[in-house]
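K.L.:
So that we are looking at the same thing, I have put the structure below in structure tokens.
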Amino acid sequence: MAKITISAPGKLMLLGEHAVVYNHPCLVTAVDQRMQVTITILKDSIFELEAPDVDIKGYKKSLSSLGKGDIPKGAKFVELAVANFRHKYPFQGGIHIETHSEFSSQFGFGSSSASTVCTLKALSDLFKINLSSKDIFDLSYKTILDIQGKGSGFDIAAAIYGGTLYFLTGGKKIVPLEARGLDLVVGYSGIKADTVSLINMVKEKMNTHKEAIDKIFDGITDLVEQAHQAILEKDWERLGTFMNYNQDYLEDLGVSTEKLNILIKAARDAGAYGAKLSGAGGGDCMIALVSPETKEKVSQAIENNGGKVIKVSLNAPGVRIEI
């Protein structure tokens, strides 16, 4: 019985949140905590999913009903990924899928995108469809848009390509960056954010206050371009300054929270080059750019102020076959 296991990394946004949804660039890095998907081909035309990390156990339906009916939240991304693949590349027989995550879906590390990428990579290998990284990106991005309605695809790019990337909405530009020496402390706020709600909130503001939001996004874009250069030059102090300014814009946008602000201030006061929220906001994680000398002190400051430090390594490799 044909079987394959694929893994892909999670991600952290460095700069460019929300603006990237509206055709502006961002900077993202892949983290070493990974999502793993194992797919086994079955004789019968059924779809089976076991995803205990998101409370999906014994989920089963016919292949012909994929993507239809009431789909549990935890099953949506994998199921729609299979449906989109099968629509484009019809296959015989059924599939059994098991997912396992090294990171909690609570942390906002991009578990949905990583599972989507793993699923499509596994299917392409199992059924011997020669898909390039960009082909996998395009099919994954379609899946995300089918579910969320809006999105940029930066977390998909991180899952596929790994490393640290300069990225433009929809994969118009995906540029790998050499970022050795970049070191972050990640602090979880203890609050699970709802990315779709936050994207919709910003969308509403874009509809009612377009000029003001455009101005914020243009400011964020300037910071991303300067931060891109700072990474290439390994000027971490300058990068930290740009992160701080980016956080100011995110506060103006209304996506930061009191808890995130407390953790960010604590990290800066403890000697971080810079600190900001990472991702959609509303909770989830903040990041602090540190030197070897300040790392422990910044970590302690985040813990002392009620954050949970999540140990990750950056520049992780992209999607790969495990077995």
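The values are calculated or read from the model by the stated rules, or taken from the named source; none is laboratory data. Please read these numbers as outputs of a predicted model, since none were measured by experiment. Glycine gets a Cβ as well: all are built from the backbone with ideal geometry, and neighbour counts include every protein chain shown.
K.L.:
What about Lys57, is it touching a residue at least 12 places away in the same chain (Cβ under 8 Å), surrounded by fewer than 21 Cβ atoms within 10 Å (Cβ to Cβ) and of a type in the set (D, E, K, R)?
P.N.:
For Lys57, the condition - touching a residue at least 12 places away in the same chain (Cβ under 8 Å), surrounded by fewer than 21 Cβ atoms within 10 Å (Cβ to Cβ) and of a type in the set (D, E, K, R) - is not met.
K.L.:
Right, something else. How many residues are at positive phi and part of a strand (DSSP E or B) when one looks only at the range 163-204?
P.N.:
0
K.L.:
Among the residues of the range 29-87, what is the count of those that are at pLDDT 95 or above and of a type in the set (Asp, Glu)?
P.N.:
Matching residues across the range 29-87 total 3.
Each row is one residue, and each column tells you yes or no for (1) under 21 Å from Lys60 (Cα atoms); (2) without any contact (Cβ under 8 Å) to a residue 24 or more places away in the chain.
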position: Gly94; (1), (2): yes, no
position: Thr99; (1), (2): yes, no
position: Gly110; (1), (2): no, no
position: Ser115; (1), (2): yes, no
position: Thr119; (1), (2): yes, no
position: Lys128; (1), (2): no, yes
position: Leu131; (1), (2): no, yes
position: Asp135; (1), (2): no, yes
position: Thr143; (1), (2): yes, no
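K.L.:
Right, something else. Return the pairs, sorted by first residue and then second, in which the second residue is among the charged types (D, E, K, R) and outside any loop (DSSP other than H, G, I, E, B), the first residue lies in the range 275-299 and is under 12 Å from Lys192 (Cα atoms), the beta carbons are less than 8 Å apart, and the residues are 6+ apart or on different chains.
P.N.:
Qualifying pairs under 8 Å: Gly283/Lys259.
K.L.:
Hey, another quick one. Does any residue of the range 247-260 turn out to be within 20 Å of Leu177 (Cβ to Cβ) and in contact (Cβ under 8 Å) with a residue 60 or more places away in the chain?
P.N.:
Checked against the condition, which is being within 20 Å of Leu177 (Cβ to Cβ) and in contact (Cβ under 8 Å) with a residue 60 or more places away in the chain, the range 247-260 yields no hits at all.
K.L.:
While we're on this one: Scan the range 97-107 and give yes if some residue there is surrounded by 14 or more Cβ atoms within 10 Å (Cβ to Cβ) and farther than 26 Å from Ser278 by Cα, otherwise no.
P.N.:
yes
K.L.:
Continuing with this model, one more query. Of everything in the range 256-276, what is buried (at least 23 other Cβ atoms within 10 Å of the Cβ) and in contact with a Gly (Cβ under 6 Å, 6 or more places away or on another chain)? Give them in sequence order.
P.N.:
Taking the range 256-276 and keeping what is buried (at least 23 other Cβ atoms within 10 Å of the Cβ), we get 260, 263-264, 266-267, 272-276.
Once the filter is applied, which keeps residues that are buried (at least 23 other Cβ atoms within 10 Å of the Cβ) and in contact with a Gly (Cβ under 6 Å, 6 or more places away or on another chain), the range 256-276 yields Leu263, Tyr273, Gly274.
K.L.:
Scanning for something closer than 26 Å to Thr116 by Cβ, among the acidic types (Asp, Glu) and buried (at least 23 other Cβ atoms within 10 Å of the Cβ), does the range 301-322 turn up at least one residue?
P.N.:
The answer is no, given that none of the residues of the range 301-322 is closer than 26 Å to Thr116 by Cβ, among the acidic types (Asp, Glu) and buried (at least 23 other Cβ atoms within 10 Å of the Cβ).
K.L.:
Within the bounds of the range 73-85, is there any residue that is touching a strand residue (DSSP E or B) at 6+ places or on another chain (Cβ under 9 Å), of a type in the set (Asp, Glu) and touching a residue at least 40 places away in the same chain (Cβ under 8 Å)?
P.N.:
no
K.L.:
Looking only at the range 168-218, how many residues end up being more than 20 Å from Gly149 (Cβ to Cβ) and aromatic (Phe, Trp, Tyr)?
P.N.:
1
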